[in-house]
1. Out of 23, 31, 53, report the one residue that is of a type in the set (S, T, N, Q), open to solvent by 20 Å² or more (accessible area, probe 1.4 Å) and under 21 Å from residue 101 (Cα atoms).
2. I'd like to verify a number: residues in segment 62-82 that are without any contact (Cβ under 8 Å) to a residue 60 or more places away in the chain, open to solvent by less than 30 Å² (accessible area, probe 1.4 Å) and within 12 Å of the ligand (Cβ to nearest atom), how many?
3. Filter segment 83-106 down to residues that are closer than 14 Å to residue 119 by Cα and within 14 Å of the ligand (Cβ to nearest atom) and give me whichever is most open to solvent (accessible area, probe 1.4 Å).
4. Could you check how many residues of segment 40-61 are closer than 14 Å to residue 9 by Cα and near the ligand (Cβ under 10 Å from one of its atoms)?
5. Write out, first by first residue and then by second, each pair whose Cβ atoms fall under 7 Å of each other, whose residues are 6+ apart or on separate chains, and whose first residue, in segment 106-132, is charged (D, E, K, R) while the second is within 13 Å of the ligand (Cβ to nearest atom).
Amino acid sequence: MERTFLMIKPDGVQRNLIGEIVSRFEKKGFSLVGAKLMNVSEVVARQHYAEHSERPFFGELVDFITSGPVFAMVWEGDQVITTARQMMGKTNPVEAAPGTIRGDFAVFTGKNIIHGSDSPESAVREIGLFFQPNELVSYERTL
Ligand code: CMP
């Protein structure tokens with residue numbers, strides 16, 4: 001069973017897309033094992049996006065992700081890392097297929113609604129950056 005870190009960015013929160021997005025992952029069959037509405041500090045934003053630190057848009061990226069609350073989540077399920085990325089669509093929303101989250105709701109790369117871990121290593125790192133172990137639950141489906 002895999003876990004991934006997904007984060008609805010400030011644009012997704014302000015456009016009231018939390019319910020829509022959570023619903024898509026629930027209906028797909030994944031389990032929500034952690035979630036919180038929070039502000040991202042500049043320190044955490046810089047760590048989260050460290051791999052982009054040399055890119056020209058890094059400052060813009062940090063400013064945006066710290067500009068308002070995000071909805072940080074941990075989801076669990078088979079192949080959840082890859083499947084969630086497919087459900088999100090390509091980074092540039094103009095290239096994202098209809099039916100994907102970015103394809104349906106976004107237009108700009110810098111405001112593309114949602115972030116998702118791109119590998120098992122990123123998932124572990126990002127979950128650890130945003131969540132304490134005791135903020136995550138673990139349960140068997142019995143109902
Ligand atoms: P995300 O999946 O959160 O990971 C890195 C983010 O950088 C990406 O989504 C985009 O929002 C952002 N990004 C990537 N390329 C550009 C770009 N050319 N200009 C602005 N933002 C970008």
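The values are calculated or read from the model by the stated rules, or taken from the named source; none is laboratory data. All values reported here derive from a predicted model rather than from experimental measurement. Note that we place each Cβ from the backbone using ideal geometry, even for glycine, and neighbour counts take in every protein chain shown. Accessible surface is based on the protein model in full, side chains and every heavy atom, while ligands, DNA and RNA are left aside. Shrake-Rupley method; radii C 1.70, N 1.55, O 1.52, S 1.80 Å.
1. On the way: 31 fails: open to solvent by 20 Å² or more (accessible area, probe 1.4 Å); 53 fails: under 21 Å from residue 101 (Cα atoms).
Answer to the selection: 23.
2. Of the residues in segment 62-82, the ones without any contact (Cβ under 8 Å) to a residue 60 or more places away in the chain are 62-69, 82.
Filter again for open to solvent by less than 30 Å² (accessible area, probe 1.4 Å), leaving 62, 65, 68.
Among the residues that remain, those that are also within 12 Å of the ligand (Cβ to nearest atom) are: 62, 65.
Residues in segment 62-82 being without any contact (Cβ under 8 Å) to a residue 60 or more places away in the chain, open to solvent by less than 30 Å² (accessible area, probe 1.4 Å) and within 12 Å of the ligand (Cβ to nearest atom): 2 in total.
3. Of the residues in segment 83-106, the ones closer than 14 Å to residue 119 by Cα are 83-86.
Keeping just the survivors that are within 14 Å of the ligand (Cβ to nearest atom) gives 84-86.
Working: 84: 2, 85: 94, 86: 124 Å².
Per the criteria, the residue is 86.
4. Number of matching residues: 4.
5. If the second residue must be within 13 Å of the ligand (Cβ to nearest atom), the pairs left are 111/11; 118/85; 126/5; 126/48; 126/117.
Conditions tested, residue by residue: (1) within 13 Å of residue 25 (Cα to Cα); (2) not in a strand (DSSP E or B).
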site	(1), (2)
76	yes, no
85	yes, yes
121	no, yes
126	no, yes
